[in-house]
1. Could you figure out which of (1) in contact (Cβ under 8 Å) with a residue 60 or more places away in the chain; (2) closer than 18 Å to GLY113 by Cα; (3) out of contact with any strand residue (DSSP E or B) (no Cβ under 8 Å at 6 or more places or on another chain) isn't true of ALA67?
2. Does the range 62-94 hold any residues that are among the charged types (D, E, K, R) and closer than 26 Å to ALA110 by Cβ, and which are they?
3. Has the range 127-139 got at least one residue that is within 29 Å of ASP8 (Cα to Cα), part of a loop (DSSP other than H, G, I, E, B), modelled with pLDDT under 90 and out of contact with any Lys or Arg (no Cβ under 6 Å at 6 or more places or on another chain)?
4. Let me confirm something: among GLY25, GLY15, GLY79, GLY55, which residue is in a loop (DSSP other than H, G, I, E, B) and buried (at least 18 other Cβ atoms within 10 Å of the Cβ)?
5. Taking SER72 as the residue in question, decide whether it is surrounded by 15 or more Cβ atoms within 10 Å (Cβ to Cβ) and of a type outside the set (D, E, K, R).
6. Do we find a residue being among the acidic types (Asp, Glu) and without any contact (Cβ under 8 Å) to a residue 24 or more places away in the chain anywhere in the range 79-96?
7. I'd like the residue in the range 101-120 that is assigned to a helix (DSSP H, G or I) and touching a helix residue (DSSP H, G or I) at 6+ places or on another chain (Cβ under 8 Å) and, out of all such residues, is modelled with the lowest pLDDT.
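The values are calculated or read from the model by the stated rules, or taken from the named source; none is laboratory data. Given the structure is predicted, the values throughout are model-derived calculations rather than measurements. Heads up, the Cβs are rebuilt from the backbone with ideal geometry, glycines too, and the neighbour counts pull from every protein chain shown.
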Amino acid sequence: MRFKNAIDELAAAMGLQPVTTDDSGAFSLLFDDRYEVSFSPDDGDGTVVFHADIGDASALGGDEARALLEASLLGAKTGGAAFSIDPAAKRVVIWRRYGEFADCDDLKTALAGFLGQVVFWQERLASGQFAAADAAESPRMQLGSFINI
């Protein structure tokens, strides 16, 4: 199932209107009035990139940046996600690329996993606790805690 179809099916299940995208097919959703996740199609091949701002990059020193890189090594402590820095905004971004979704439940599982990572790493960056060794392997959120399904 293509992402746009899956997200529209999820919206319908929640009693919401289909998602409105920009000209490139990208859009953002706000969960729990606090966690903004953006979705961008990737090269028209059915893949999509989930990404979210998780903190101020200017606050990172060498040790903190190294800890984030270690945590994202092969996605081992980030649920398959990786970190980047948006140079224009000077913000740390967590992102993950997904292929097509089997169904709406598959999308819900992906969203829950990614939101868990967003919340976990936003809290880590805000608190200054960057140590990769302390990172949970794959925190997952129940989507119902963010939106009614």
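1. The single condition ALA67 does not satisfy is (2).
2. The answer is GLU70, LYS77, ASP86, ARG91.
3. Looking through the range 127-139, at least one residue is within 29 Å of ASP8 (Cα to Cα), part of a loop (DSSP other than H, G, I, E, B), modelled with pLDDT under 90 and out of contact with any Lys or Arg (no Cβ under 6 Å at 6 or more places or on another chain).
4. GLY79
5. On the way: surrounded by 15 or more Cβ atoms within 10 Å (Cβ to Cβ): yes; of a type outside the set (D, E, K, R): yes.
Yes.
6. Scanning the range 79-96, I find no residue that is among the acidic types (Asp, Glu) and without any contact (Cβ under 8 Å) to a residue 24 or more places away in the chain, so the answer is no.
7. The initial filter retains those residues of the range 101-120 that are assigned to a helix (DSSP H, G or I), namely 104-120.
Checking which are touching a helix residue (DSSP H, G or I) at 6+ places or on another chain (Cβ under 8 Å) leaves us with 104, 106-108, 111-112, 115.
Numbers: CYS104: 86, ASP106: 90, LEU107: 90, LYS108: 90, LEU111: 92, ALA112: 92, LEU115: 94.
Ranking the qualifying residues of the range 101-120, first place goes to CYS104.
Let's see how each residue does on (1) modelled with pLDDT under 90; (2) closer than 18 Å to ASP106 by Cα:
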residue	(1), (2)
ILE7	yes, yes
ALA11	yes, yes
MET14	yes, yes
THR20	yes, no
THR47	yes, yes
ILE54	no, no
LEU60	yes, no
